[in-house]
Amino acid sequence: MTLPLSTVDLHAHSTASDGSLSPIAVVDAAADAGVTCFALSDHDTVAGLDAAARQARSRGIRLLPAVELSVTWQRKGLHLVGLDIDPASTPLRAGLDSQQQRRQQRAEAIAAKLERIGIADAFDKVGAMADGGQITRTHFARLLVAEGICKNLKQAFERYLGPGKGAYVGVEWAGLEEAVGWIRAAGGRAVLAHPLHYKLSAAWRERVMNAFKEAGGVAVEVSCGNSSAAEVQLSAIEAQRHGLMGSIGSDFHSPEQRWLGLGRLHPLPATVIPVWSAAGLA
Ligand code: AMP
Ligand code: MN
Ligand code: MN
Ligand code: MN
């Protein structure tokens, strides 16, 4: 089933982190798909935003500067999308520097583990793939596929890169309050990304949303690129119960993910206030 087109898509990646399209190409792909209000939200970096903004202007679409931050809360990993941020904000920049150092150190540790299982020069290889962008586990998954060790990215996470697997390396990312603080200091709005992707029980999601709201978060990503209609309804109810607004975003990484397209999203249920209209963004 093809999902309807949403002209709003507030979560996507480029080669600045683990997307496969350049910032310019991903803006082109969004505009070609019919998206008119778009956010580029790379993992722990704003490096793609200048080029994306220029391309969005030339294509006549709205580009909200954004970033996806990795957070550790109660020993769990969460992702926040900071929407409509000032990429030049000093506290945000300092926060991103610290996140990037953690990424770099973890990448070295993952590479060492992969070298022990016979992949030579793993660090140099992922560095070449990332080509100056942030190194993510997606790059290591691509390496495992390229080396013929795994048949696809999913298998690479299941067998090597997921929690508890042989090449997994835990990271203590920024704290929840800390990361929301950077987003707010940059004039942005903090959105709890893909709330159903963390494999948390309903009781833990409840705790996460309470803590997120307490920290100054304002919205939940209610509709994601691979959400079912039932998941959208569930997240809408949970957002509303916590007095949080709603966001929608595909989490697009690559045209190779054929099941997921830019702007191909279930609409936000009418019971939830759209974070983009509340903020006068679209
Ligand atoms: P990192 O932030 O470096 O830990 O990498 C996390 C990224 O890995 C996520 O943003 C996804 O893009 C990707 N990822 C996580 N789990 C999977 C999976 N099971 N299959 C494919 N990609 C995944
Ligand atoms: Mn990713
Ligand atoms: Mn994420
Ligand atoms: Mn993402």
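The values are calculated or read from the model by the stated rules, or taken from the named source; none is laboratory data. These numbers were taken from a predicted model, which means no experiment stands behind them. Here Cβ is always computed from backbone atoms with ideal geometry, including for glycine, and neighbour counts include all displayed protein chains. Side chains included, ligands, DNA and RNA excluded: accessible areas come from the protein's heavy atoms. Shrake-Rupley method; radii C 1.70, N 1.55, O 1.52, S 1.80 Å.
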Open item on the list: Could you tell me how many cubic angstrom of Cα convex hull volume the chain has per residue?
Closed with: 118
Task: Convex hull volume of segment 52-210 per residue (C-alpha atoms, cubic angstrom) - done: 139
TODO: Let me know the volume per residue of the alpha-carbon convex hull for segment 5-72, in Å³.
DONE: 74
- [ ] Can you work out the accessible area per residue across the chain, with the rest of the protein chains kept in place, probe 1.4 Å, in square angstrom?
- [x] 44
- [ ] In a Gaussian network model over the chain where Cα atoms closer than 10 Å are linked, find which of His266, His13, His197 has the largest mean-square fluctuation.
- [x] His197
Task: Semi-axis lengths, Å, segment 134-282, gyration tensor of Cα atoms, sqrt of 5 times eigenvalues - done: 29, 19, 15
Task: Estimated 222 nm signal from helices in the chain, with DSSP H stretches of n ≥ 4 weighted -39500 (n - 2.57), rounded to 500 - done: -12000 deg cm²/dmol
TODO: DSSP loop (so not H, G, I, E, B), at most 12 other Cβ within 10 Å: list which chymotrypsin sites (Phe, Trp or Tyr not before Pro) in segment 222-282 pass both filters.
DONE: Trp259
Open item on the list: On a 27 Å Cα-Cα criterion, which of the cross-link pairs Lys151/Lys199; Lys154/Lys213; Lys165/Lys199; Lys125/Lys151; Lys165/Lys213 come out too long?
Closed with: Lys154/Lys213; Lys165/Lys213
Open item on the list: So if the hydrodynamic radius of segment 182-245 is defined as the Kirkwood radius over C-alpha pairs, what does Stokes-Einstein give as its diffusion coefficient at 37 °C and 0.692 mPa s, in µm² per second?
Closed with: 273
- [ ] Report in % the part of the accessible area of the chain that belongs to carbon and sulfur, leaving out ligands and nucleic acids; probe 1.4 Å.
- [x] 50
Task: Full-stretch length increase - Asn152, Tyr198 - with 0.36 nm per residue and alpha-carbon distance subtracted - done: 14.5 nm
- [ ] List the aspartates and glutamates whose Cα lies under 12 Å from the Cα of Lys76, skipping any in the same chain that are fewer than 8 positions away.
- [x] Glu172
